[in-house]
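The values are calculated or read from the model by the stated rules, or taken from the named source; none is laboratory data. Remember, predicted model here, so these are calculated numbers, not experimental data. No Cβ is skipped: glycine too gets one built from the backbone with ideal geometry, and neighbour counts run over all protein chains shown. Note: areas computed on protein heavy atoms with side chains; ligands, DNA, RNA excluded. Shrake-Rupley method; radii C 1.70, N 1.55, O 1.52, S 1.80 Å.
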Amino acid sequence: MATSSDLGFFLLVTIVKVAIILWVLLTAIAYLTWLERKVIGHIQSRWGPYLVGPHGLLQPLADGVKFLFKEDIMPADADRLVYWLAPFIAMVTAFLSIAVIPFGESFELRGHVIPLQITDLNVGLLFVFAVTSLGVYSIVLAGWASNSKYPLFGGLRSSAQMISYELALGLGVVGVLMISGTLSLRGIAASQLGFWRLGGILILPRWNIFLQPVGFLVYFMAAIAETNRVPFDLPEGETELVAGFHTEYSSFKFAMFFMSEYANMVTVSCLATLLFFGGWSGPVFGPGWLRVLLPVFWFCLKVFCFLFFYIWVRGTLPRFRYDQLMAFGWKFLLPLGLANILVTSFVLAWIHS
Amino acid sequence: MPLTLEKVPGHEERVILSMGPQHPSTHGVLRLVLELDGETVVRALYDIGYLHTGFEKSFERLTYSQDITLTDRMDYLAPLSNNLGFCLAVEKLLDLEIPPKAQWVRVLLTELTRIASHLVWLGTHALDIGAMSVFLYCFREREEILKIFEMVSGQRMMTSYFRIGGLALEPPIGWLKRVEKFVKIFPDRIDEYEDLLTRNPIWLKRTQGVGVISGDDAVALGVSGPSLRGSGVAWDVRKSHPYSSYDRFQFEIPTRPEGDVYARYLVRIGEMRESLKIVRQAMEGMPEGPVKANAPHIVLPERDSMKTSIEALIYHFKIVTEGFHPPVGEVYHCVESPRGELGFYVVSDGSPRPMRCHVRAPSFANLQALPKMIEGRLIADVVACIGSIDVVLGEIDR
């Protein structure tokens, strides 16, 4: 039985963790926009933001202030309630899924073990999928409530796209679930610690990417589509649909969509790290505090690599057409995901028998 | 009243979408009215006139020399091609002989203009299809060309460098070095664009088989330029009616038989390489001599001679205050602008101002082919097709 002081301590720790993670996430999102502009800029032989602060480092702050003070315009015949609701749904769903993401081992404080995660649900992965699926509502509702044609098309496109790619996204990770036998994200990450040895020599870390390369491919491509990034950024395909579902949004409501998109990028990158790249696994050494912090560093580094890859893709590829995108999802990714599950299950059955 | 489409009875579920004039990829202020069934375009109308400036009327109010400044602003992506078209038309009217050096410089600069214009086309076209980086790479190289223009004429875009009877002034010393530098780097840069696009599977999927128009249809609709050559018709004014010594240069006319967006893309990429070839030839064979025709009543005299010769001073005064008097008559002269056949039809009543000047703008005719290309296709293809015919609205709404 937990005593009341235990409960108080638990609550306090959780609140502190939530506050820290939220702060880190918001900062990460803000600086992800800075990073994107810088990286894309350098890819395109220009500098990116340079004026606000050294190397434009205060640019995200300036953007935030700008969004806050811009006039908030609502179309005359918009459905007021839904129009208001949509950006909130986008934000809430994007931020909620971070709650079950573990980003390191645990440490002991005054006899309590504190895991580096807000909460370890035993169905963590399902929770993330469930919450991000709800995110589709925000786009559909935004497109519909704006009472304008371009957002409507954007909303329709994205509902079709996200539902299609959610399937592929789910199928991509099933292989990993079968291997690790748990839905808890901490459990999946923990199962990848250590190395495979051949004749006593360390050859490869036990990351799922080496067991499930096809699964990873399916997951990653679907994840790009799920977060509406190039080359799958059709819902907001700016050269066709102006700005897609958020054409009629301005000021902070637009910023909320914007932030939720980047939060989703962070989430799917975290998931890719946890599911396929061993989560926080990496060389750990030194004194106790370093042993706690190093895994967090490795985790962040891997997530950063994914985010960088996202940006890199944006600087390189053109955009799919709507029908081609659907064909790619249904005729290529989905069968590939199913085949991967089939092969994985046969191999597993063969090993266990 | 803006144009609109009426709904067809029995198809009330279709959406009438007004695309433009403020839209990121209608290249200026083109407005399209689309009847959509889902995302498929059933009918399409184009609505022009949002950039109407009254250029053709203004031609009648200015002297021939002043009119050159108007031509810059019509097709603002290819000012020198427009300068050349108008100058050649008036020179034909005046029956002027242009010295070879001026002709060579004109060829060199108009070919650079073609490259610059195609770079803007490639950049914006790729941007429309979602390839963002190509846009900035293209503008990087275009900047080099604009610097050359600035060097010779003092202006990056509205150059007005070609004058009736030759060039405005002798190009500065060392300008050919600048051109040579550009000629040296540019082939690699074209390869760079092609690396990003030509064999990119997404690019192929977005452009192949999209916006197909047959050679016969294209000719019937008056399409010219790269858009026509993408449909397999090897027709180029530079070859069929050589002007300004183009018959002295060796170059190919790239054509593709497919008639789709990808074919038009390849044709323009090929044209950039061919233009580079012409620039190289013009540079190597640049003749010496004057850059202005020997026609003192038409061509402004040199500053120096005005201080020593009373005739020069009088001619200068006459040309500047009144203009020159061409013979009564009418001429049509066309050049191959980056967008196609650009013709100037000039009617003279003997006064220093044209009585009428009509411009046969290639974009205006090419735009006619758009509905044929996009009907029955998706919204995303509309954007690809607009990009592929490369219209400039300043030229359409004269």
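Structure notes:
- Criterion violated by B:ARG356 - all others in (1) open to solvent by 80 Å² or more (accessible area, probe 1.4 Å); (2) more than 23 Å from B:ALA168 (Cα to Cα); (3) at pLDDT below 90 satisfied: (3)
- Taking region A:100-144 as the range and being surrounded by fewer than 18 Cβ atoms within 10 Å (Cβ to Cβ), touching a residue at least 24 places away in the same chain (Cβ under 8 Å) and small (Gly, Ala, Ser) as the test, only A:SER133 passes.
- Among the criteria (1) closer than 27 Å to B:PHE344 by Cβ; (2) buried (at least 16 other Cβ atoms within 10 Å of the Cβ), the one B:LYS205 does not fulfil is (1).
- In the condition set (1) open to solvent by 10 Å² or more (accessible area, probe 1.4 Å); (2) within 11 Å of chain A (Cβ to nearest Cβ); (3) in contact (Cβ under 8 Å) with a residue 40 or more places away in the chain, B:ILE129 is compliant with all but (1).
- Residue check for B:ILE98: in the same structural domain as B:PHE186 (by TED's automatic domain parsing), open to solvent by less than 10 Å² (accessible area, probe 1.4 Å), touching a Ser or Thr at 6+ places or on another chain (Cβ under 8 Å) and not polar (S, T, N, Q): no
- Scanning region A:48-71 for residues that are in a loop (DSSP other than H, G, I, E, B) and surrounded by 13 or more Cβ atoms within 10 Å (Cβ to Cβ) yields A:GLY48, A:PRO49, A:TYR50, A:VAL52, A:GLY53, A:LEU57, A:LEU58, A:LYS70.
- Taking the numbered list (1) among the small types (Gly, Ala, Ser); (2) within 14 Å of chain B (Cβ to nearest Cβ); (3) surrounded by 15 or more Cβ atoms within 10 Å (Cβ to Cβ) in turn, A:SER45 passes all entries but (3).
- Filter pass, B:VAL120 being of a type in the set (A, V, I, L, M) and surrounded by fewer than 23 Cβ atoms within 10 Å (Cβ to Cβ): yes
- Yes/no for B:VAL223 being within 24 Å of B:GLY123 (Cβ to Cβ), away from chain A (no Cβ under 14 Å) and under 22 Å from the mean Cα position of the chain (by Cα): yes
- Selection count, region B:120-157, where residues are within 18 Å of A:VAL313 (Cα to Cα) and among the charged types (D, E, K, R): 1
- In region B:191-200, the condition of being open to solvent by 80 Å² or more (accessible area, probe 1.4 Å) and within 14 Å of another protein chain (Cβ to nearest Cβ) is met by at least one residue.
- Filter result for A:PHE254 (more than 10 Å from chain B (Cβ to nearest Cβ), open to solvent by 20 Å² or more (accessible area, probe 1.4 Å) and under 19 Å from the mean Cα position of the chain (by Cα)): no
- Residue satisfying condition, being over 26 Å from B:PHE135 (Cβ atoms) and surrounded by 17 or more Cβ atoms within 10 Å (Cβ to Cβ), within set B:LEU5, B:LEU32, B:LEU36, B:LEU17: B:LEU36
- The set of residues in region B:207-227 that are over 14 Å from B:VAL382 (Cα atoms) and polar (S, T, N, Q) comprises B:SER214, B:SER224, B:SER227.
- For B:TYR46, the conditions (1) open to solvent by less than 40 Å² (accessible area, probe 1.4 Å); (2) modelled with pLDDT of 85 or more all hold with the exception of (1).
Here is a yes/no grid of residues against (1) open to solvent by less than 10 Å² (accessible area, probe 1.4 Å); (2) assigned to a helix (DSSP H, G or I); (3) within 30 Å of B:GLU284 (Cα to Cα):
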{"site": "B:VAL210", "(1), (2), (3)": "yes, no, no"}
{"site": "B:ALA218", "(1), (2), (3)": "yes, yes, no"}
{"site": "B:LEU228", "(1), (2), (3)": "yes, yes, no"}
{"site": "B:ALA234", "(1), (2), (3)": "no, no, yes"}
{"site": "B:PRO242", "(1), (2), (3)": "no, no, yes"}
{"site": "B:ASP247", "(1), (2), (3)": "no, yes, yes"}
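- Taking the criterion of being of a type in the set (A, V, I, L, M, F, W, C), in a helix (DSSP H, G or I) and farther than 23 Å from B:LYS101 by Cβ, the residues of region B:147-189 that qualify are B:ILE185, B:PHE186.
- Among all positions in region B:7-19, there is no residue which is more than 14 Å from chain A (Cβ to nearest Cβ) and in contact with a helix residue (DSSP H, G or I) (Cβ under 7 Å, 6 or more places away or on another chain).
- Taking the listed residues A:TRP289, A:TRP298, the one that is at pLDDT 85 or above and either open to solvent by 50 Å² or more (accessible area, probe 1.4 Å) or away from chain B (no Cβ under 14 Å) (or both) is A:TRP298, with no other qualifying.
- Residue count for region B:359-372, restricted to those that are over 16 Å from the mean Cα position of the chain (by Cα) and open to solvent by 10 Å² or more (accessible area, probe 1.4 Å): 3.
- Selection status of B:ILE185, at pLDDT below 90 and open to solvent by 50 Å² or more (accessible area, probe 1.4 Å): no
- Exactly one residue out of A:CYS300, A:CYS270, A:CYS305 is without any contact (Cβ under 8 Å) to a residue 12 or more places away in the chain and under 16 Å from the mean Cα position of the chain (by Cα), and it is A:CYS305.
- All positions within region A:145-163 that are buried (at least 20 other Cβ atoms within 10 Å of the Cβ) and either away from chain B (no Cβ under 14 Å) or not in a helix (DSSP H, G or I) (or both): A:ALA145, A:SER146, A:MET162
- Residue check, A:ALA99 under 30 Å from B:ILE379 (Cβ atoms), of a type in the set (A, V, I, L, M) and outside any loop (DSSP other than H, G, I, E, B): no
- Any pair with Cβ under 7 angstrom, 6 or more apart, that starts in region A:11-23 at a residue that is touching a residue at least 40 places away in the same chain (Cβ under 8 Å) and ends at one that is open to solvent by less than 60 Å² (accessible area, probe 1.4 Å): A:VAL13/A:ILE114; A:THR14/A:ILE118; A:LYS17/A:ILE118; A:VAL18/A:ILE118; A:ILE21/A:ILE98; A:ILE21/A:ILE118
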